[in-house]
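For reference, the structure is listed below as structure tokens.
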Amino acid sequence: CLFCWITGYQITSVGIESLSPVLAMPFLSFVLTSVAVGAMVNALNIIDGLNGLASTTTVFMIASFGALSARFGDSELQVICFLIVSVNLGFLIWNFPFGKLFLGDGGAYFLGAMAAGIAVVLPERNDEISPFSSMLIIIYPFYELVRSTTRRIVAKGYQALEPDDKHLHSMIYKLISSRVSMTKPFQNSFAAVLVLILPMLCCFWAVTFANERSFLISGIFAFILLYEMSMMLVVNSNNA
């Protein structure tokens, strides 16, 4: 809510024409934006489970927003993205690969808020950029949040707000720690590198096809398919 009030930006388009009349209503647009920003804040906190995972994912996302800002002439947003990426790179020196410093909830929430805010502002300020581009850039943490919340509600004995170790990064870390002979910090960081392939591919695709809706939607579905196939493979390997 504060984001909408302070910046004056709200989601007025999601790239789907049938929803345009709904988003033209200021109150509904305000509610959607508030929920979206709040969700992303929690989403980045959920993936903050391995050395460098949340912070490097943020670097990928914000750098992608910065690249799009530069391409379409939004110099103000480009500078903001550069600053956020620079701070993250400084933090990563201490966080990856040995985990000598951690984001904590406050750090993850802050980075989530920054990523969410720019994801909203970029297509609102630049009509040439499809909202689906922003969605694809942030899809990894956002999908992890939606999937985890749904899984906890559906699974017997779990509640939506209770933490667990069944996220993709958690399952990959379990597999690495049981199959790869390394020290724990390197097992942790190696698992993070494997997971980071997903947001890296999504960001590359989103920047490449920033204003091509069909390619962006295809990228979103491709990510979901790749995520679910990876999860299935890792779960089966852990149970073998």
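The values are calculated or read from the model by the stated rules, or taken from the named source; none is laboratory data. On a predicted model such as this, the values are computed, not experimentally measured, just so you know. With ideal geometry, Cβ positions are generated from the backbone for all residues, glycine too; neighbour counts draw on all protein chains shown. In case anyone asks, the SASA skips ligands and DNA or RNA and just uses the protein heavy atoms, side chains included. Shrake-Rupley method; radii C 1.70, N 1.55, O 1.52, S 1.80 Å.
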Out of (1) of a type outside the set (Gly, Ala, Ser); (2) at pLDDT 95 or above; (3) within 17 Å of VAL207 (Cβ to Cβ), the one ILE129 does not meet is (2)
Can you name the residue in the range 50-105 that is of a type in the set (D, E, K, R) and over 23 Å from PHE190 (Cβ atoms) and is also modelled with the lowest pLDDT among such residues?
-> ASP105
Scan the range 70-91 and give yes if some residue there is open to solvent by 70 Å² or more (accessible area, probe 1.4 Å), in a helix (DSSP H, G or I), in contact with a helix residue (DSSP H, G or I) (Cβ under 9 Å, 6 or more places away or on another chain) and of a type in the set (Lys, Arg), otherwise no.
-> yes
Which one is farthest from the chain's Cα centre (by Cα) among residues in the range 41-54 that are buried (at least 24 other Cβ atoms within 10 Å of the Cβ) and assigned to a helix (DSSP H, G or I)?
-> LEU53
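Considering every residue within the range 205-223, establish whether at least one is free of Cβ contacts under 8 Å to residues at least 24 places away in the same chain, part of a helix (DSSP H, G or I), closer than 27 Å to GLY99 by Cβ and out of contact with any Leu (no Cβ under 6 Å at 6 or more places or on another chain). Break it down into steps so the answer makes sense when it comes.
First pass over the range 205-223, keeping only residues free of Cβ contacts under 8 Å to residues at least 24 places away in the same chain: 208, 214-215, 218, 221-222.
Next, from what is left, pick out any that are part of a helix (DSSP H, G or I): 208, 214-215, 218, 221-222.
Retained after the next criterion (residues that are closer than 27 Å to GLY99 by Cβ): none.
No; the residues of the range 205-223 include none that is free of Cβ contacts under 8 Å to residues at least 24 places away in the same chain, part of a helix (DSSP H, G or I), closer than 27 Å to GLY99 by Cβ and out of contact with any Leu (no Cβ under 6 Å at 6 or more places or on another chain).
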Looking at the range 161-190, which of the residues that are open to solvent by 50 Å² or more (accessible area, probe 1.4 Å), closer than 13 Å to VAL234 by Cβ and assigned to a loop (DSSP other than H, G, I, E, B) is modelled with the lowest pLDDT?
-> ASP165
Has the range 217-231 got any residue that is surrounded by 14 or more Cβ atoms within 10 Å (Cβ to Cβ), within 20 Å of SER13 (Cα to Cα) and under 15 Å from the mean Cα position of the chain (by Cα)?
-> yes
Cβ-Cβ under 9 Å pairs, at least 6 apart or on other chains, the range 34-60 side within 18 Å of PRO163 (Cα to Cα), far side of a type in the set (Asp, Glu) and open to solvent by less than 30 Å² (accessible area, probe 1.4 Å) = ALA43/GLU144; ILE46/GLU144; ILE47/GLU144
When you scan the range 1-37, how many residues do you find that are buried (at least 17 other Cβ atoms within 10 Å of the Cβ) and assigned to a helix (DSSP H, G or I)?
-> 9
